[in-house]
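Presented below is the structure to which this report refers.
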Amino acid sequence: MASNQIPQAEPLNPAQQQVLDELGSTDRPTFRDDLRDHLRHELEEALLPIVESLPEVSRDQPLFVSKRKLSMAHGCETRYLADQAAPFEWSVPAARGTVAHKAIEILIGRRGKPTPLDLVHEALERLELDERSLGEFIRGLGEAERAELVGAVNEFVTTFTETFPPLKRQWIPVSESRVRANLCQDRVALQGVIDLSLGRARGNQAGKVLLDLKTGRPNISHIDDLRFYAMLEVLKLGTPPRLLVNYYLEAGEPRQEKVTEDLLWSTSKRVVDAILKMVELDEGRRKPGLTPSAMCRFCPALSTCDEGKAELARADEEMGFTH
């Protein structure tokens, strides 16, 4: 090869080409100038009576709302209360996603072609320097547990690099992008972390794509999570993203949804409904409902919940598992 010849990029495999084709659409809708103002006004009008019923909520101690809380409030209310009462503890499965996202963040900014395993080790080294609970957890891992975590994260990162097209700088990739909206004079804080975003808006013309990287099977709550992030993007920037994508790593499959004004309005109503449920449950003003599902497997109250045990037994039987 001549010294002035530019190396050719590696060809994409079919899974990578599918992602590129679906995410690279030229459809760029334009939204009205006052969308952010109207959305904020409607949210605050609906939330203010809820907030005013809680005198302890203030700017110093706002009501924090995440996608997890929203999803749980709209799911099994008994699990929501059990989860609120149970102290969070790190484990290898719980840490895998956070470490993997750090590795992908390093991949985006790193020159050259580091291997997935290189990225995993560097992510762990950076995170264990953190003085917060995850850093403490990583520092306390034994050799076998650390190897287990490395293996689990390496699988995640390797699958991402095999099935997702290489991230180009001109796509403006951002990993672990934090977004927040302060409402009702800072007494309510809606917040989230977007796994990966690509592109950007041009004025009122949508251009950004929001992606959540998922393992396991698709769940209806996954698209609700991304709709919540789309709403936060509007409250932050004024222009919505153009596309929401749940990317299922094990299947190499992107599932997408276009963003519309109707989607944003329905999402804002869902958020208000969930916050009302959360407040009523936390204050003991609402009897918690029971909604058994596959998520019972992760419920802190499973050991005392006959309905949850029966649901999991039924699901295992359908899958051909025996006890």
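Every number here is computed from the coordinates shown, using simple stated rules; none is lab data. Note that the structure is predicted; figures quoted are calculated from it, not measured. Every residue, glycine among them, receives a Cβ derived from its backbone with ideal geometry; neighbour counts consider all protein chains shown.
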Pairs of lysine residues in the chain - Cα separation under 17 Å, sequence separation of 8 or more or cross-chain:
14
Rg and Dmax of the chain, Cα atoms, in Å?
21.6, 76
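If each residue of separation counts as 0.36 nm, what is the full-extension length gain between L129 and S303 once their alpha-carbon separation is subtracted?
Numbers: separation 174, 0.36 × 174 = 62.64 nm, distance 3.61 nm.
Difference between extended and current length: 59.0 nm.
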Checked against the positive end of the charge dipole of the chain (+1 on Cβ of Lys and Arg, -1 on Cβ of Asp and Glu, about the Cα centre), the farthest of W90, H38, G192 is H38
quick note, the chain, DSSP beta bridge pairs, % antiparallel (nearest 5) is 70 percent
Charge dipole of the chain about the Cα centre (unit charges at C-beta), most positive-ward option of L237, V57, V150
L237
Could you list, bin by bin from short to long, the percent of Cα-Cα pairs of the range 92-163 in 5 Å steps?
3, 19, 30, 26, 14, 7, 1
Using a 7 Å offset from Cα along Cα-Cβ at R110, what residues in the range 145-163 end up with backbone N under 14 Å from the label point?
153-162
As a test of the definition: which semi-axes, in Å, follow for the range 8-134 when you take the square root of five times each eigenvalue of its alpha carbon gyration tensor? Largest first, please.
37, 27, 16
Quick calc: nm separation of the 7 Å Cα→Cβ label points for R285 and E89 -> 3.5 nm
Non-local residues with an amide H under 5 Å from the amide H of R200, with H modelled 1.01 Å from N and Pro and chain starts lacking one, are K208
What is the distance in Å between the Cα centres of the range 201-261 and the range 91-117?
21 Å
Test of understanding: extend the Cα→C-beta vector of N204 to 7 Å, then name every residue of the range 246-276 with backbone N under 18 Å from that spot.
259-265
Using the Kirkwood formula over every pair of different C-alpha atoms, what hydrodynamic radius in Å results for the range 199-291?
14.8 Å
Toy charge model, Lys and Arg Cβ at +1, Asp and Glu Cβ at -1: the chain dipole around Cα centroid in debye, rounded to 20, equals 860 debye
Cβ density ranking, 10 Å radius, fewest first, applied to Y229, Y248 yields Y248, Y229
Would you mind getting the Kirkwood hydrodynamic radius of the range 38-96 from its Cα pairs, rounded to one decimal in Å?
14.1 Å
